[in-house]
Amino acid sequence: MNYPIKSGRILLRPMTVSDAPRVYAYRRQPTVARFQGWTPETVTEVEDHAINMQAWGNDIAGRCIQLVIEQQEDPASGVMGDMAFSLDTETKAQAELGIAFDPAFQKQGFAHEAVTGLVSALFDQLKLHRIHVSIDPANRASRMLFERVGFRLEGHLRKSVYFKGAWCDDIVMAVLGEEWGE
């Protein structure tokens, strides 16, 4: 992948060790952590993930690639959120996405720009066939975001995910490369 990925007012770039305190801080907030599969226990855990990503280089299939989101015009304002993607290991033609935003930067259109930018880059640069997300049905904001971007509902799976100590429903949404940008 070529970084940074620019989209509207934001840019996405690989997370680095220096981003760890900021990423840790917003991912630990209860309103953010509620729907996240990754809620780091320590700043060191975030730093270790950044170090591992550097070591992987281009060997990214099956790995969680974490990109931080910053404002293009004001990168000094710091990391606003992050997106992650993971390529399937078999065909390397599909990816799953995830997104987390500091509440201070939510409801301003930044997430829409970030998702649009990353999805476009994944289809353009990696020539993917399909990109999907897995969403807790209670996370209406995330579902509406992906609908606005162009993802389609593929299914509502009942009690299919064991998450934070309980069986939960899961909504799967996806977009195909051939329909992206229609």
Worksheet item: Could you list, in sequence order, the residues of the range 146-182 that are exposed (fewer than 14 other Cβ atoms within 10 Å of the Cβ), in a loop (DSSP other than H, G, I, E, B) and either in contact with a helix residue (DSSP H, G or I) (Cβ under 6 Å, 6 or more places away or on another chain) or modelled with pLDDT of 95 or more (or both)?
Response: Glu178, Glu179
Worksheet item: Within the range 74-86, can one find any residue that is of a type in the set (D, E, K, R), more than 15 Å from the chain's Cα centre (by Cα) and modelled with pLDDT under 95?
Response: yes
Response to the item:
The one condition Thr31 fails out of (1) modelled with pLDDT of 90 or more; (2) of a type outside the set (Asp, Glu); (3) part of a loop (DSSP other than H, G, I, E, B); (4) under 21 Å from Phe163 (Cα atoms) is (3)
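Look at Leu118 and say whether it is in a loop (DSSP other than H, G, I, E, B) and buried (at least 19 other Cβ atoms within 10 Å of the Cβ). Spell out the reasoning first.
Details: in a loop (DSSP other than H, G, I, E, B): no; buried (at least 19 other Cβ atoms within 10 Å of the Cβ): yes.
No: the conditions fail for Leu118.
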Discussion item. Regarding the range 123-143, can at least one residue be identified that is basic (Lys, Arg) and part of a helix (DSSP H, G or I)?
Written reply: yes
Fill in: Among the candidates Phe85, Phe105, Phe101, residue that is of a type in the set (A, V, I, L, M, F, W, C), out of contact with any Gly (no Cβ under 7 Å at 6 or more places or on another chain), under 23 Å from Phe151 (Cα atoms) and in contact (Cβ under 8 Å) with a residue 24 or more places away in the chain
Phe85
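Quick one: which of Thr42, Thr16 is more than 12 Å from the chain's Cα centre (by Cα) and under 26 Å from Tyr162 (Cα atoms)?
Numbers: Thr16 fails: under 26 Å from Tyr162 (Cα atoms).
Residue meeting the stated conditions: Thr42.
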Practice prompt. Check whether at least one residue in the range 109-129 is farther than 21 Å from Val175 by Cβ and β-branched (Val, Ile, Thr), and report yes or no.
Written response: no
Worksheet item: Looking only at the range 34-52, which residues are part of a helix (DSSP H, G or I), of a type in the set (Val, Ile, Thr) and either farther than 19 Å from Val17 by Cβ or touching a helix residue (DSSP H, G or I) at 6+ places or on another chain (Cβ under 7 Å) (or both)?
Response: Val43, Val46, Ile51
Worksheet item: Out of the residues in the range 95-115 that are crowded, with 17+ Cβ neighbours inside 10 Å and out of contact with any helix residue (DSSP H, G or I) (no Cβ under 9 Å at 6 or more places or on another chain), which is nearest to Arg27 (Cα to Cα)?
Response: Gly98
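The values are calculated or read from the model by the stated rules, or taken from the named source; none is laboratory data. Everything numeric here is computed off the predicted structure, so don't read it as measured data. Backbone-built Cβ (ideal geometry, glycine too); neighbour counts: all protein chains shown.
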